[in-house]
Amino acid sequence: MSAQDVQDLVKRARMFIRDEKFTEALDTLKETLEKDAECTAAHNLMGVAWGRLGNGKKALAAFRKGKAQEKENPVIHFNLAIALETTDQADKAVPRYRAAFRLHPGWLDAMNALGLVLFKQEDYAGANRIFTKVLKFDPANAEALNNKGLVLADQGRHKEAIKKYRAALEIDRKYVNAGLNLSRALEDMENFTASLEELERLADLVPADWEVRTRLAALYHKLERYDEAMDQARAILEKEGDNIRALRIEGAIHLIQGNDEEAKAIFERITALDSTGGSGESGDTFGRFMMEEPESRYWLDLVPPPAAQLPSVPKPASTHPGAIALAKARAAKKAALAGETPEPEPAEEAAEPETEIVLMTEAPVAGLETEPPEGGLLGLMRYLMNLTETLPEPVLDEFIHSDERMEMKYIIDTLEKADG
C-alpha cells in the first residue's frame with residue numbers, strides 16, 4: 001500500500017469521527033496501522049475515537065504511541081492531556097497542557113483547558129492567572145471571561161462573577177454556559193426574577209437545549225409555578241423519554257398535586273433507569289457550574305489551529321534629549337533627500353527654575369512598617385501587601401476583589417512554600 005493510500009484511510013477515519021461514527025473510524029484506523037504502524041496521525045485519531053467512546057485506557061495508549069513517534073508535536077501533548085484529565089489524572093494533565101502551548105504559543109484552547117484543571121484543583125490564583133493571559137491574547141474570548149466568573153463564584157464573589165458572565169454574553173449572547181452560570185449566580189443571590197429572565201431568554205434562543213429547559217423547569221418548580229414547570233418537563237420528555245431529571249420534576253409535581261399513583265409510577269421508572277443506565281444524569285446537577293467539557297476539545301489534525309498573537313502596543317516616543325535630537329536629525333535628512341526645506345526650530349523659551357518637590361508623608365500607620373524590610377522578594381511582597389491597607393476605603397474595597405491582589409497573594413503563597 002502506498003503512502004497516498006495510507007493518507008486516504010486517515011482522511012476517511014477523520015470523516016467518520018466528525019460524523020460521530022466512532023466504531024467505523026476504529027475499523028479504518030486498525031487497517032491503516034496494519035499498513036503503517038508508525039503513522040502518528042492514525043494513533044492520534046484512534047486516541048480521539050476511543051476517548052469519545054469513553055474508553056480512557058485505550059485512548060491513553062494510542063496517544064502515548066503517537067507521542068513516541070513525535071515527541072514535539074503540540075497536538076499529541078494536548079490530546080494526551082485531555083485523556084489524562086478524563087481518567088482522573090489531572091495532575092499529570094497539567095504538564096501536558098503546558099507543553100502544548102509551549103510548543104505552540106498562543107493556543108488559547110490549551111490555556112483555557114489548563115486554567116479549568118487548576119480551577120477544579122481549587123488553585124484559584126493559578127487559574128485566574130491563566131485566564132487573564134488568554135484575555136491578553138484575545139480580550140473578546142468569551143470562554144475565558146466565563147471561566148474567570150467560575151473562579152470568582154466558587155469563592156462566593158457572586159457580584160464580580162456576574163460581571164464576567166455578562167461580559168461573555170455581550171460577546172456571544174447564545175453562549176449557553178455563561179447564561180446558565182449567570183442564572184445560577186443570580187439565584188444564589190436570591191434574585192429569582194433576574195435568574196428566571198435569563199433562563200427564559202436562553203430557552204427562546206436555544207429551544208432544543210435540554211440543560212436550559214431542565215433548569216428552567218426546576219426554577220419554575222422552586223417558585224411554585226407548577227403548571228409551567230410541568231410544561232417544560234414534558235417538553236423535555238417528548239424528546240428524551242428517559243431524562244431522569246425531567247422525570248423527577250414531573251414526579252414531584254404529581255406528589256404536590258395529590259396524584260399519588262402517577263408519582264409512584266414515575267419514581268419506579270426512575271429507579272429502573274438508574275439501575276440500567278438510563279439517559280440523563282441521576283445526580284442533582286442544577287447547582288453545578290457550566291464549563292467546556294474536556295472531550296469537546298479533542299483536536300483531529302496533527303497541525304494545531306492558528307496561534308493567537310498578542311496585540312501590538314505602539315511604543316511611546318522617548319523623551320530622552322538624545323532620542324529627540326536623533327529623531328530631528330532623521331527628519332531633516334529625510335526632508336533634504338526629498339528636496340524639502342525643513343521648517344526652522346522655534347526659539348526655546350527661557351527655562352523656569354526647577355522647583356524642589358517635597359513629599360509630605362502622614363504619620364505612620366499603626367502596625368505598618370515605614371521601610372521595606374530585608375528578606376528578599378518575599379519580604380518586599382509582604383510589605384507591599386501591608387501597604388495596600390492604607391488605601392482609601394472605596395479604593396481598598398475594589399483592590400481586595402481585584403485580579404492584582406490575587407496575583408500578589410499567589411506570589412506570596414508560592415514564596416512562603418519555597419521558604420518552608
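The values are calculated or read from the model by the stated rules, or taken from the named source; none is laboratory data. If you're wondering where the values come from, they're calculated on a predicted model, not measured in any experiment. Virtual Cβ from ideal backbone geometry, glycine too; neighbours counted across all protein chains shown.
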_Criterion: in a helix (DSSP H, G or I) and within 26 Å of GLY51 (Cα to Cα) - qualifying residue of LEU152, LEU80, LEU180_ = LEU80
*asked:* Residue under question is VAL151, and the condition is that it be within 26 Å of GLU122 (Cα to Cα), modelled with pLDDT of 95 or more, surrounded by fewer than 19 Cβ atoms within 10 Å (Cβ to Cβ) and among the hydrophobic types (A, V, I, L, M, F, W, C); does it hold?
replied: no
*Subset of the range 185-211 [modelled with pLDDT under 95 and surrounded by 23 or more Cβ atoms within 10 Å (Cβ to Cβ)]*: none
*Is it fair to say PHE63 is within 25 Å of the chain's Cα centre (by Cα), buried (at least 24 other Cβ atoms within 10 Å of the Cβ) and free of Cβ contacts under 8 Å to residues at least 24 places away in the same chain?*
yes
*Could you list, in sequence order, the residues of the range 16-41 that are under 29 Å from the mean Cα position of the chain (by Cα) and surrounded by 21 or more Cβ atoms within 10 Å (Cβ to Cβ)?*
ILE17, ALA41
*Return a yes/no flag: does the range 42-54 have any residue that is in contact with a Phe, Trp or Tyr (Cβ under 6 Å, 6 or more places away or on another chain), surrounded by fewer than 21 Cβ atoms within 10 Å (Cβ to Cβ), part of a loop (DSSP other than H, G, I, E, B) and not basic (Lys, Arg).*
yes
*asked:* For the condition hydrophobic (A, V, I, L, M, F, W, C) and modelled with pLDDT under 95, what is the one hit in VAL48, VAL75, VAL6?
replied: VAL6
*asked:* Given the condition surrounded by 11 or more Cβ atoms within 10 Å (Cβ to Cβ), at pLDDT below 90 and closer than 27 Å to ASP188 by Cα, answer yes or no: does some residue in the range 260-280 qualify?
replied: yes
_Can you tell me which of (1) at pLDDT 90 or above; (2) surrounded by 15 or more Cβ atoms within 10 Å (Cβ to Cβ) is the one PHE286 doesn't meet?_
(1)
*In the range 74-99, what residues are touching a residue at least 40 places away in the same chain (Cβ under 8 Å) and buried (at least 21 other Cβ atoms within 10 Å of the Cβ)?*
PRO74, VAL75, ILE76, PHE78, ASN79, ILE82, GLU85
